[in-house]
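Every read-out reported here was derived from the displayed coordinates using simple, explicitly stated rules and does not represent laboratory data. These figures come from a predicted structure and were not determined experimentally. For neighbour counting, all protein chains shown are included, and Cβ atoms are generated from backbone atoms with ideal geometry for every residue, glycine included.
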Amino acid sequence: MKNILVVGGGGREHAIIMKLSESDKVGKIYCAPGNGGISKYAECFNVSATDIDGMLKLANELKPDMVVVAPDDPLVLGMVDAMQEAGFMTFGPKKNAAIIEGSKVFSKDLMKKYNIPTAKYEVFSDSESAIAYIKSENTYPTVIKADGLALGKGVILAQNEEEAVTAVKEMIDEQKFGKSSATVVVEEFLTGPEVSVLSFTDGKTVVPMVSSMDHKRANDNDEGLNTGGMGTVAPNPYYTEDVAKECMEKIFLPTVNAMNAEGRTFEGCLYFGLMITPNGPKVIEYNCRFGDPETQVVLPLLDADLYEIFEAIYNHTLADVKINWKQEYCTCVVMASGGYPLSYPKGIEISGLDDKGQVEGAFVYHAGTKLDNDKFFTNGGRVLGVTCTGFTLQGALDKSYEAVSKITWDKVHFRKDIGQRALQANTDPLSLDYKDDMESYIEDNGVYLRQ
Ligand code: AMP
Ligand code: GLY
């Protein structure tokens, strides 16, 4: 039996742990730092996810057979390199590949160089030139992005010149996100439904997972501030068979090939954040990891052994693993602290959860909870992800919202319209029997994309 250390402590890590625990090859699961809910399923250790030395020390004590690094910061900092150098089989991209998320300038330049469809852009490190460019383009909204990681807050959709100028000054001159915003990307505003596609890749084979749809804004009708994600559904009905084929040929394979060509082979979960524009699918962003809360709806639909997949990626034998998907829908409604994504209180008692932090009829992934005397308390912005599967999207959503109604705390906040945009799509999601006619591999430059 294999023992595994999972690095991270949110809903995504809870979902990864639950899927790994289904494998009959997996023994003990450890998590650092974990959270209150995760501690019911994995032994948690109080080491921060960005503390590379601390995590190495913990790994040397626990001697796990595999380390899974889930969040963006430790990946971009090079935790996988450090773990592998210390002899641990580790899942996740090395530092030189994690840069695909760690630097927007890197990822935009990569797309330009390899002709991967994305929004038109320019890069600036001085505010005067950026403002001159924005004024000369004179097209609003316009998008301003900090180059580096900024807790998901480094993207400003400026509605007019004044907002654009303020954003540029805050980022470059006032270093709102420190070094992360010393350089910015100014890019064209795109429109269309958004689709998230996570993929497994070992640099030789790419296996796209079931598509999903995030709900990034804090409030109903996509109003309010951008958040890490307030809910997800899978599959995403805007990801039709035609769209999928175009993404595979123009985006997924070329990206993996481009990273190989740059000497930055990507091994892990590569996340494609896409917008289906009137001119076809374009890349909004890459992430070097599983999305959160996308993972909470994608992994429950995985009909395969996640441990075997992680091991195969490490060994570059992903082509040999059979990966199937359940023919169902999955929905996750995030319950957050009132005030998120700005300031919010912590330490409020949650009512409605059982001993394991669950409610009947759903699976509750814990994102930010703390356990104290066998009671669960809020301990973050996003607190719980209430997740259900069903044979219809509406059915899964109804179950998720019924489960949500059983849980509460003072000033709880959640969106009431998760899945509504997906329900309005006049398309069938790429799912259910697409494999029959797309079983074949697509090959490009020695890299294979497999359904
Ligand atoms: P990102 O962190 O790059 O995913 O951006 C956060 C969100 O901002 C995305 O999910 C989109 O909703 C929006 N966004 C980012 N770039 C653009 C763009 N070029 N055009 C329109 N919306 C965008
Ligand atoms: N839900 C979007 C992300 O994980 O970045």
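Below 8 Å between Cα atoms, with a sequence gap of 6+, how large is the relative contact order for the range 94-248 in percent?
19
Using the scaling law 2.2 N^0.38 Å as the reference, what is the normalised Cα Rg of the range 182-284?
1.15
Kindly write out, for the range 274-279 in residue order, the coupling ³J(HN,Hα) from the Karplus curve 6.51 cos²θ - 1.76 cosθ + 1.60 (θ = phi - 60°), rounded to whole Hz, with x marking Gly and Pro.
Computed from phi, the couplings for the range 274-279 are 10, 10, 8, 7, x, 9 Hz.
Please rank L274, L77, fewest neighbouring Cβ atoms within 10 Å first, as an exposure proxy.
L77, L274
Quick one: compute the contact order of the range 116-205, relative version, from alpha carbon pairs under 8 angstrom and 6+ residues apart, as a percent.
For the range 116-205, the relative contact order is 37 percent.
Quick one: what Rg and Dmax do you get for the chain from the alpha carbons, in Å?
21.0, 62
Taking a ≥ b ≥ c as the square roots of the eigenvalues of the Cα gyration tensor of the range 120-203, is the shape rounded (a/c under 1.5), prolate (a/b larger than b/c) or oblate?
oblate
So for the range 331-404, what percent of the C-alpha to C-alpha distances run longer than 21 Å?
Tail of the P(r) past 21 Å holds 27 percent of the pairs.
Whole-Hz Karplus ³J(HN,Hα) for the range 203-210, in order, using 6.51 cos²θ - 1.76 cosθ + 1.60 and θ = phi - 60°, x for Gly and Pro?
Coupling constants for the range 203-210: x, 10, 10, 10, 10, x, 8, 4 Hz.
Going by C-beta contacts inside 10 Å, put V383, V195 in order with the fewest on the left.
By the 10 Å Cβ count, ascending, the order reads V195, V383.
For Cα pairs less than 8 Å apart in space and 6+ apart in sequence, what is the mean separation divided by the residue count of the chain, i.e. the relative contact order in percent?
Once normalised by length, the contact order is 17 percent.
If amide H atoms are built 1.01 Å from N in the plane of the peptide, which residues on other chains or at least 5 residues away come under 5 Å of the amide H of I348?
Result for I348 returns T378.
Express in % the proportion of alpha carbon pairs of the range 381-429 at distances exceeding 15 Å.
Summing the P(r) of the range 381-429 above 15 Å gives 50 percent of all pairs.
Scan the chain and hand back the longest stretch that contains none of the GluC sites (Glu not before Pro) lying in DSSP loops with at most 12 other Cβ atoms within 10 Å.
Longest run free of exposed loop sites: 175-359.
Counting pairwise Cα distances across the range 276-410, what percent come out greater than 23 angstrom?
Cα-Cα pairs in the range 276-410 separated by more than 23 Å: 49 percent.
Nearest 5 is fine: what % of DSSP beta bridges in the chain come out antiparallel, could you say?
In the chain, approximately 80 percent of DSSP beta bridges are antiparallel ones.
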